[in-house]
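Take a look at the structure below.
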Ligand SMILES: N[C@@H](CCC(=O)N[C@@H](CS)C(=O)NCC(=O)O)C(=O)O
């Protein structure tokens with residue numbers, strides 16, 4: 001009997017993060033769609049009543065909702081085996097986690113929803129597969145797909161931005177491919193928390209839907225190999241000379257990673273700045289936001305400019321919940337390490353990520369993110 005049940009599906013972006021963790025950690029699990037009677041009657045009430053993937057049930061019947069919380073749980077249990085210890089690597093691992101889980105929704109959703117000729121039949125099949133097996137299954141799937149098309153626009157992928165989204169993505173593929181040509185994972189021979197964040201958009205959407213998969217296979221073979229590797233229990237690093245399975249020694253950060261972060265900063269930094277402004281303005285106006293109130297997915301639209309193009313995207317507090325972990329790790333470093341990390345973030349155009357904060361903290365209660 002398998003001990004762990006992961007409620008998720010292959011096409012769900014966020015399911016990809018803990019799935020890859022469980023595989024790499026060698027933890028036996030089974031993946032089930034969140035449509036069973038057991039899920040509804042037993043798991044959902046323990047998940048704060050919030051339906052969502054991923055949600056995980058342990059062998060003891062404990063339930064953890066949210067990909068970051070699932071990984072935290074197993075990292076705590078294992079002695080943090082996927083968390084590098086050296087300062088620069090620690091910070092970058094956390095930063096890639098935010099960027100992967102929250103910063104690449106626009107290209108992920110664009111390449112899923114705006115290429116119906118290539119993707120539609122595939123998506124219909126999968127959306128129907130995750131609906132309960134009732135006669136209305138097809139209609140339910142159609143409705144869910146409509147909601148996701150709207151979400152795609154809400155993340156800023158609209159006709160006026162398509163060209164920019166595609167240009168940035170083509171550049172990103174190039175940087176990722178260059179990095180994974182020299183290293184099996186972000187920080188060397190072993191995946192880190194940041195790899196698990198990054199696999200979220202790069203498996204369920206960009207590494208699996210027909211349109212972006214074909215782009216990846218034709219333009220970024222090494223990136224495609226990383227996507228495969230992240231979902232396999234064995235090292236799968238045949239093309240590399242170094243097969244030690246360790247992070248790079250002496251807190252090394254390869255140049256290819258700096259180039260990659262510079263590219264990611266192009267929209268991640270202005271979007272994060274605009275989202276912080278938007279959410280903080282909203283927080284200022286909430287005189288009666290009681291501690292323990294559940295954090296909504298979005299609280300307004302952030303507007304920002306990238307290369308002369310205006311983007312409007314949902315301002316999501318959760319981005320700052322993850323970003324605070326980067327900032328907390330930084331604060332815990334000694335002065336010398338702080339200086340080294342600041343220098344690195346400056347070189348990557350990412351120095352602002354240490355200062356962009358919400359005026360109110362987010363915590364967790366009853367498996368939900370709540371305002372503290
Ligand atoms: N913060 C969550 C986000 C999970 C999430 O948004 N999952 C999507 C599917 S990929 C979902 O279930 N959305 C429905 C909802 O959240 O109500 C995580 O990192 O696990």
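None of the figures in this text is laboratory data; all of them are computed from the coordinates on show. Fair warning: this is a prediction, and the values are worked out from it, not measured in the lab. In this analysis, Cβ positions are derived from the backbone assuming ideal geometry, glycine residues included, and neighbour counts consider all displayed protein chains.
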Given the options 25, 47, 157, which has the most mean-square fluctuation in a GNM of the chain, springs set between C-alpha atoms less than 10 angstrom apart?
-> 25
So for the chain: antiparallel DSSP bridges make up what percent, rounded to the nearest 5?
-> 85 percent
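Taking square-rooted eigenvalues a ≥ b ≥ c of the alpha carbon gyration tensor, is the chain rounded, prolate or oblate, where a/c under 1.5 means rounded and, failing that, a/b exceeding b/c means prolate? It would help to have the intermediate numbers written out before the result.
Working: a/c = 1.18, a/b = 1.13, b/c = 1.05.
Taking the square roots of the gyration eigenvalues as a ≥ b ≥ c, the chain is rounded.
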Euclidean distance between Cα centres, the range 123-199 to the range 304-336, Å = 20 Å
What percent does the relative contact order of the chain come to when contacts are Cα pairs within less than 8 Å and at least six residues apart?
-> 21 percent
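Suppose we keep just the DSSP beta bridges with both residues in the range 4-78; what percent of those would be antiparallel, to 5? Can you show the working numbers first?
Working: 6 of 10 bridges.
Roughly 60 percent of the beta bridges in the range 4-78 run antiparallel, per DSSP.
When 126, 205 are ordered from fewest to most other Cβ atoms inside 10 Å of their Cβ, what list results? Provide the component values of the computation, followed by the final result.
On the way: 126 18, 205 26.
Fewest-to-most Cβ neighbours within 10 Å comes out as 126, 205.
For the peptides 255-263, 144-152, what is the packing order when you average, over each peptide's residues, the other Cβ atoms within 10 Å and list the highest mean first?
Working: 255-263: 18.7, 144-152: 14.0.
Highest to lowest by the protection proxy: 255-263, 144-152.
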Normalised contact order of the range 183-260, rounded percent, pairs of Cα under 8 Å and 6 or more residues apart | 40 percent
Go ahead and estimate [θ] at 222 nm for the chain from helices alone: -39,500 (n - 2.57) per DSSP H run with n ≥ 4, summed, over the residue count, rounded to 500.
-> -16500 deg cm²/dmol
Yeah, the range 1-151 with a ≥ b ≥ c from its alpha-carbon gyration tensor (a/c under 1.5 is rounded, else prolate when a/b outruns b/c, oblate otherwise) is oblate
Based on the alpha-carbon gyration tensor of the range 247-338 and its eigenvalue square roots a ≥ b ≥ c, which shape applies: rounded if a/c is under 1.5, prolate if not and a/b is larger than b/c, or oblate?
-> oblate
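Which peptide among 242-253, 323-334 comes first, and what is the full order, when sorted by highest mean count of other Cβ atoms within 10 Å? Please list the in-between numbers first.
Working: 242-253: 14.4, 323-334: 16.0.
Going from most to least packed, we get 323-334, 242-253.
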In percent, what relative contact order does the range 4-78 have, based on Cα pairs under 8 Å that are 6 or more apart in sequence?
-> 37 percent
